[in-house]
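Visitor: There's a structure below that I have some questions on.
The values are calculated or read from the model by the stated rules, or taken from the named source; none is laboratory data. Computed from a predicted model, the values in this text were never measured in an experiment. Here the Cβ positions follow ideal geometry from the backbone for every residue, glycine too, while neighbour counts run over all protein chains shown. The area values use the complete protein model at the heavy-atom level, side chains included, leaving out ligands, DNA and RNA. Shrake-Rupley method; radii C 1.70, N 1.55, O 1.52, S 1.80 Å.
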Amino acid sequence: MQQSMHGMWSSRLAFILAAAGSAVGLGNIWRFPYLASDHGGGAFVLVYLACIALCGLPILIAEVMIGRHGHRSPVLTFQEIAAQTGASRAWSGIGWMGMVAGVLILSFYSVVAGWTLHYTWLYLRELLGGPGIADPSATFGELLGNPLELTLWHAAFMLMTVAVVALGVEKGLERAVKFLMPALFGMLFLLLGWGATTGHLGDAAVFLFKPDFSRIDGAVFLTAMGQAFFSLSLGMCAMMTYGAYLPREVSIPRAAIGVALTDTAVALLAGLAIFPIVIQYIGTPTGGGPGLIFTSLPNAFAQMGALSGLVFFFLLVVAAWTSSISLLEPTTAYLVERTRLSRRAAAASVAALAWLLGLASVLSLNRWQEVRILGFGIMDFIELVANDLMLPLGGFLISVFVGWVLSGRIVREQFEGVPEAVFRAWLVLVRYVAPILVGIVLVRGVMARF
Ligand code: PFF
């Protein structure tokens, strides 16, 4: 089969924009800066870059490759490949786990994206002459303490996501990313310009790129590997699904390198935009945690003007939006293939499920704050299981499947026209380096956390 029943990307650029849109998200602009700040700046960045190059990139290539071979949703693709290669049908469990992880991630991702919608609204209101944010910590605290408000923003963001996925690959996903990704880059460069005017760009670069090797320990590795998977949208078959819509003639390694470079560049540029502002208005970045951009930055925006706040939070909304559609797409595609539901109904059903699950995250921020699962709050627990366990486990299994189980003929077919040296290097990474490194991090992570 050369085509997918869901539609196809119209060009290589369309795929790169969609896949980069999936990769670039809250992970780059919200999570990466605060993780770097919590884990010693340069030390974390260095380990993170190694994780992307040695594990992220080869697994990204593997996912896209499997997707393009099957041209279907992950579960059916695995079933078909298993039949062709005489492997066990149990491998399709990777697709099932991916769908579960996708719905779990979407459930809390949409809640956090709802916060960014709320802040976009606050700055828009200020710009239109309404009241500003007087006390950023109090504002953030009030939002988290108000389940109704959180639920409504969560619902609004979920509706935005369904609206795109319901329209399908060409009319929904592709049209959205072609318009949103350039907007995202425009806003990022604007913020970078603002950051540069503080005169602290150099300090921010030193913070991000000068590694203090004494800060590199096991915890940095675990966090960096988890972040590499989360940021590249790996391990839950989202990239595999996007690969299913990729035309034959496109070179997968080249496209994947483009996506990985874009994702990494945006994380670093987001750091270079945010840290000069933090240094100027708040001081040396150490720690800050998930609240970094919601409490620290509004202090700076109060002095820089509401427009800077509006641009920053709208940038986050756009980044989150192009990612959330890739969280919804795999399960939607599966339902379209296996049931009589239309794409619209399928997307709406999955989103409704993720929205309902998201209510548990909403309530864990206020009414259910005391509830603990294995010592974690509900939202933290879902994030931990999905991001830190399911994604690396999915990535590990995908690399084993492609490196050791899939027939050489199928692999070779997807690498047509790719230089032999590139193919060999990828094979070593996907067979040995990625599964061993991810395996170690996974086992140590489970031991450290539970
Ligand atoms: N890569 C996204 C981010 O960095 O925000 C998050 C994400 C999207 C993870 C899609 C996984 C996924 F399948």
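Visitor: I need to check one value: relative contact order of the range 242-386, counting alpha carbon pairs closer than 8 Å and at least 6 residues apart, in percent.
Guide: Values: 53 pairs, mean separation 14.4, N = 145.
Worked out over the range 242-386, it gives 10 percent.
Visitor: Would you please classify the overall shape of the range 186-244 from the alpha carbon gyration tensor, given that a ≥ b ≥ c denote the square roots of the eigenvalues, rounded means a/c under 1.5, and beyond that prolate means a/b larger than b/c while oblate covers the rest? Could the numbers behind the result be given before it?
Guide: Numbers: a/c = 4.92, a/b = 1.30, b/c = 3.77.
Verdict is oblate for the range 186-244.
Visitor: Counting only protein heavy atoms and a 1.4 Å probe, tell me what percentage of the chain's accessible area is made up of carbon and sulfur. Show your work: numbers first, answer last.
Guide: Details: 11000 of 16770 Å².
Summing carbon and sulfur atoms, their accessible area is 66 percent of the total for the chain.
Visitor: Within the range 317-375, report the trypsin sites (Lys or Arg not before Pro) that DSSP leaves as loop and that have at most 13 other Cβ atoms within 10 Å.
Guide: Numbers: sites: ARG338, ARG340, ARG343, ARG344, ARG367, ARG372; in loops: ARG340, ARG367, ARG372.
Taking the range 317-375 and a limit of 13 other Cβ atoms within 10 Å, the loop trypsin sites (Lys or Arg not before Pro) found are ARG340, ARG367, ARG372.
Visitor: What figure, in Å² to the nearest 10, do you get for the accessible area of HIS118 with a 1.4 Å probe and non-protein molecules left out?
Guide: Near enough 10 Å² of accessible area.
Visitor: Can you give the relative contact order of the range 1-119 as a percent, counting alpha carbon pairs under 8 Å and 6+ residues apart?
Guide: On the way: 46 pairs, mean separation 22.8, N = 119.
In percent, rounded to a whole number, it is 19.
Visitor: Rounded, prolate or oblate for the range 124-209? Axes are the square roots of the Cα gyration tensor eigenvalues, ordered a ≥ b ≥ c, and the cut-off for rounded is a/c under 1.5. Walk me through the numbers on the way to the answer.
Guide: Details: a/c = 2.18, a/b = 1.16, b/c = 1.89.
In terms of gyration-tensor shape, oblate.
Visitor: Using per-residue counts of other Cβ atoms within 10 Å, averaged over each peptide, order 265-278, 205-218 from highest down. Write out the running numbers ahead of the final one.
Guide: Values: 265-278: 23.8, 205-218: 14.5.
Ranking, from highest mean packing down: 265-278, 205-218.
Visitor: Here is a further query. Using Cα springs under 10 Å in a Gaussian network model of the chain, which residue among GLN414, GLN303, GLN79 shows the largest mean-square fluctuation?
Guide: Maximum among the listed residues: GLN303.
Visitor: Solvent-accessible area per residue for the range 217-274 at a 1.4 Å probe radius, Å²? List each step's numbers first, then the result.
Guide: Working: 1320 Å² over 58 residues.
Result: 23 Å² of accessible area for each residue.
Visitor: Let me ask something else. In percent, what relative contact order does the chain have, based on Cα pairs under 8 Å that are 6 or more apart in sequence? If you can, show how the numbers build up before the last one.
Guide: Working: 720 pairs, mean separation 158.8, N = 450.
35 percent.
Visitor: Select from the chain the helices, each a whole stretch of DSSP H, whose alpha-carbon atoms run 24 Å or more along the helix axis and whose Kyte-Doolittle mean is at least 1.0; answer none if there are none. Kindly include the intermediate steps, with their values, before the conclusion.
Guide: Details: long enough: 93-127 (50 Å, 1.03); 147-166 (28 Å, 1.55); 175-197 (34 Å, 1.38); 252-281 (44 Å, 1.58); 306-338 (48 Å, 1.29); 343-364 (32 Å, 1.32).
Span-like helices in the chain: 93-127, 147-166, 175-197, 252-281, 306-338, 343-364.
Visitor: Can you tell me the convex hull volume per residue for the chain, based on C-alpha atoms, in Å³ to the nearest whole number?
Guide: Numbers: hull volume 61.1 nm³, N = 450.
Cα-based convex hull of the chain, divided per residue, equals 136 Å³.
Visitor: Next up: At 222 nm, what helix-only mean residue ellipticity would the chain give, in deg cm²/dmol to the nearest 500, using -39500 (n - 2.57) for each DSSP H run of four or more? Please list the in-between numbers first.
Guide: Values: 21 runs with 312 residues, N = 450.
For the chain, the value works out to -22500 deg cm²/dmol.
Visitor: Out of ILE373, ALA347, ALA320, whose Cα points farthest toward the positive end of the dipole of the range 301-394 (charges: +1 Lys, Arg; -1 Asp, Glu; placed on Cβ)?
Guide: The listed residue farthest towards the positive side: ALA347.
Visitor: Still on this structure, please answer the following. Plugging the Kirkwood radius over Cα pairs into Stokes-Einstein for the range 42-129, at a temperature of 37 °C and a viscosity of 0.692 mPa s, what D comes out in µm²/s? Walk me through the numbers before you get to the answer.
Guide: On the way: Rh = 16.5 Å.
After rounding, the answer is 198 µm²/s.
Visitor: Among residues other than GLY271 whose Cβ falls under 15 Å from its Cβ, what is the net charge (Lys/Arg +1, Asp/Glu -1)?
Guide: Details: positive: ARG31, LYS210; negative: ASP38, ASP203, ASP263.
After counting each charged neighbour, the total is -1.
Visitor: So what's the net charge close to LEU335: Lys and Arg +1, Asp and Glu -1, counting the other residues with Cβ under 13 Å from its Cβ?
Guide: Values: positive: ARG72, ARG338, ARG340, ARG343, ARG344; negative: GLU329, GLU337.
My count for the surroundings of LEU335 gives +3.
Visitor: Among THR116, THR223, THR85, whose mean-square fluctuation peaks in a Gaussian network model of the chain (Cα, cutoff 10 Å)?
Guide: THR85
Visitor: With the Cα gyration tensor of the range 319-450 giving a ≥ b ≥ c as the square roots of its eigenvalues, does the rule (a/c under 1.5 for rounded; else a/b larger than b/c for prolate; else oblate) give rounded, prolate or oblate? Mind dumping the intermediate values first?
Guide: Numbers: a/c = 3.02, a/b = 1.39, b/c = 2.17.
The shape class here is oblate.
Visitor: Can you tell me which of GLY42, GLY86, GLY25 moves the most in a GNM of the chain? Springs connect C-alpha atoms under 10 Å apart.
Guide: In this elastic network of the chain, the residue with the biggest mean-square fluctuation among GLY42, GLY86, GLY25 is GLY86.
Visitor: Using a 1.4 Å probe on the protein heavy atoms only, what accessible surface does LEU201 show? Give it in Å² to the nearest 10.
Guide: We get 70 Å² for LEU201.
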